[in-house]
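Below is one structure. I have some questions about it.
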């Protein structure tokens, strides 16, 4: 494991972590919301078996990365290109889960053939999205309340966001499970082993330790123009999404997949939001490793 500090635009710092095989196939792993550069050990072990140099970073405002107010989804591609440049990486793959799905697609859209392939795992669609009439249909109560408040009362939402981050810092296993209760389908409840819960606690605490800027700006980036459209993507893309996902409903995965030329879409009836993280990212990493 190696940690770096990379300097991005306007002198911002990006906190970067490398795991896996140091001279392996470079693949960026983009965390969800909230999150951080910390990587799930079984996914790291899978990357090692497949000869992958797995690279993650704290998006601006999380962990050790400088906040970037007003950032767009497209800005993530520019930050990732900067990291790759400073690490001496020419071509790379990228996968992102949940809040990291759209930034992975940004790399595919904006960085051209520098990206060997991109994978969106349970990723969110833009808001508003033409053809996605009910953006929140199938979403769990916590995310519905949060999103509606962000749209209708920004000041109240920002106060709630800060309060939620403070609470997350003190969560234990039971509190995380209770916090996620309205978002978890039955398949996801079964997936919440102590190992996975402990990892999410570590990853979230690292991410929100400096405050709520990362989670706030992730939320706002969803409703700002992304800076690209899925239809302009020309590099290989996989989309994974489960019908049992209540964090990000499957309609988002279908919407994304229908708009990317030559996409390889996996919309799976028995999968949820957490099960695709545990069970499908290894498949995504195999697919990406084969692109080099």
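Counting only residues that are at pLDDT 95 or above, over 17 Å from residue 273 (Cβ atoms) and touching a helix residue (DSSP H, G or I) at 6+ places or on another chain (Cβ under 6 Å), give me the helices (runs of 4 or more DSSP H) lying completely in the stretch 128-201 with at least 1 of them.
141-152, 154-170, 173-179
Could you identify the single residue in 70, 24, 9, 63 that is surrounded by fewer than 23 Cβ atoms within 10 Å (Cβ to Cβ) and under 25 Å from residue 168 (Cα atoms)?
The match here is 70.
Among all residue pairs at least 6 apart or on different chains, which show Cβ distances below 9 Å where the first residue, located in the stretch 89-114, is at positive phi and the second is buried (at least 24 other Cβ atoms within 10 Å of the Cβ) and in a strand (DSSP E or B)?
So the pair list comes out as 98/121.
Scan 100, 93 and give me the residue that is closer than 20 Å to residue 234 by Cα, within 15 Å of the chain's Cα centre (by Cα) and in a helix (DSSP H, G or I).
None of the other options fit; the residue is 100.
Tally the residues that are surrounded by 14 or more Cβ atoms within 10 Å (Cβ to Cβ) and in contact (Cβ under 8 Å) with a residue 24 or more places away in the chain, restricting the search to the stretch 137-146.
6
Have a look at 85, 153, 134, 79 and point out the one that is under 25 Å from residue 11 (Cα atoms) and loosely packed, with under 14 Cβ neighbours inside 10 Å.
It is 85.
Out of the stretch 255-269, which residues are outside any loop (DSSP other than H, G, I, E, B), in contact with a strand residue (DSSP E or B) (Cβ under 9 Å, 6 or more places away or on another chain) and crowded, with 18+ Cβ neighbours inside 10 Å?
256, 257, 266, 268, listed by residue number.
Okay, next question. Can you confirm whether the stretch 8-23 contains a residue that is over 19 Å from residue 236 (Cβ atoms) and modelled with pLDDT under 95?
yes
Can you report the number of residues in the stretch 54-78 which are touching a strand residue (DSSP E or B) at 6+ places or on another chain (Cβ under 6 Å) and under 18 Å from residue 120 (Cβ atoms)?
Total satisfying the criteria: 4.
On the basis of being over 17 Å from residue 106 (Cβ atoms), touching a helix residue (DSSP H, G or I) at 6+ places or on another chain (Cβ under 7 Å) and in contact (Cβ under 8 Å) with a residue 40 or more places away in the chain, does residue 212 make the cut?
Yes.
The values are calculated or read from the model by the stated rules, or taken from the named source; none is laboratory data. Quantities reported herein were computed from a predicted structural model and do not represent experimental measurements. A quick note on method: Cβ atoms are made from the backbone with ideal geometry, for glycine too, and the neighbour counts reach across all protein chains shown.
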